[in-house]
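Q: Structure provided below as structure tokens; questions to follow.
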Amino acid sequence: MSEVLGEVLLDRETIRNRVRQLGRLISSDMEGLEPCMVPVLDGGMVFAADLIREISLPATMIPLKASSYGSGSESSGVVDLPWELPKELSSKDIILVDDILDTGLTLETLRRKLFDVGAQSVRTCVLLRKKKSIHLPADHIGFDIPDVFVVGYGLDLGGRYRNLPDISFLRETA
Ligand code: XMP
């Protein structure tokens, strides 16, 4: 592992505190509603699992699979959505949760599709936003980070490192 991993960017304690704050912000922003959390799989899974436990409203969860990175560290520019969106998403107040906002393609594609199936409202929440995406809107953002590929806490390289509790840079040689 250490041949690939570089320095820690965000340690587990820093992540935990921010996820707690995001949970409180979402709970007050969506007060009176029953949020339906839609985590974007696979990357958003770990973040969403922690975040939903910090939301003090009667929340539900319907995960969706989407991918734009394949197995490497460059966006393919195409969002692969292998499923039809479940009909039960219609008329829901949705909070779309992803690990990272990079080109913004994944969230924008899903947001449009959720409205197509009749979602009542769609908010977005990302744990990380890359510097190059600073102009891209999201309702809730955990951390703004540099324009580099990171792994850990759900973020992967070719499917690996999702289980790491901290978020780390890759070594330059990796
Ligand atoms: P877009 O470009 O659609 O990308 O905003 C969002 C998806 O791209 C993946 N992604 C990353 N995955 N480390 C990762 O492990 C990164 O630094 C990274 N940047 C983008 C991720 O799957 C996200 O959902």
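Q: Output the residue which, of all residues in segment 147-159 that are part of a loop (DSSP other than H, G, I, E, B) and within 24 Å of Leu25 (Cα to Cα), is farthest from the ligand (Cβ to nearest atom).
A: That would be Tyr153.
To keep it simple, each residue is scored yes or no on (1) crowded, with 19+ Cβ neighbours inside 10 Å; (2) without any contact (Cβ under 8 Å) to a residue 60 or more places away in the chain; (3) touching a Phe, Trp or Tyr at 6+ places or on another chain (Cβ under 9 Å); (4) within 25 Å of Ser121 (Cβ to Cβ).
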site	(1), (2), (3), (4)
Glu13	no, yes, no, no
Ile26	yes, no, no, yes
Asp80	no, yes, no, no
Asp93	no, no, no, yes
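Q: What tally of residues in segment 160-174 results from selecting those that are touching a Leu at 6+ places or on another chain (Cβ under 7 Å) and away from the ligand (no atom under 12 Å from the Cβ)?
A: 2
Q: Looking at (1) assigned to a helix (DSSP H, G or I); (2) among the basic types (Lys, Arg); (3) touching a Gly at 6+ places or on another chain (Cβ under 7 Å), find the lone condition where Arg162 falls short.
A: Unmet condition: (1).
Q: I've got another one for you. Could you please find all residues in segment 24-51 being more than 17 Å from Pro86 (Cα to Cα), outside any helix (DSSP H, G or I) and not aliphatic (A, V, I, L, M)?
A: Once the filter is applied, which keeps residues that are more than 17 Å from Pro86 (Cα to Cα), outside any helix (DSSP H, G or I) and not aliphatic (A, V, I, L, M), segment 24-51 yields Glu31, Gly32, Glu34, Asp42, Gly43, Gly44.
Q: Is segment 146-154 home to any residue that is touching a His at 6+ places or on another chain (Cβ under 9 Å) and not hydroxyl-bearing (Ser, Thr, Tyr)?
A: no
Q: Take segment 33-68 and flag every residue that is more than 20 Å from Leu101 (Cα to Cα), surrounded by 18 or more Cβ atoms within 10 Å (Cβ to Cβ) and β-branched (Val, Ile, Thr).
A: Once the filter is applied, which keeps residues that are more than 20 Å from Leu101 (Cα to Cα), surrounded by 18 or more Cβ atoms within 10 Å (Cβ to Cβ) and β-branched (Val, Ile, Thr), segment 33-68 yields only Ile55.
Q: Do you know which of the residues in segment 100-142 that are within 12 Å of the ligand (Cβ to nearest atom) and in a strand (DSSP E or B) is farthest from the chain's Cα centre (by Cα)?
A: For segment 100-142, the residue satisfying everything is Lys130.
Q: Let me ask another. Looking at Gly142, is it closer than 19 Å to Val79 by Cα and surrounded by 15 or more Cβ atoms within 10 Å (Cβ to Cβ)?
A: no
Coordinate-derived values only; no laboratory data. What you see is a predicted model; the values in this text were computed from it and never measured. Note: ideal-geometry Cβ built from the backbone for every residue, glycine included; neighbour counts use all protein chains shown.
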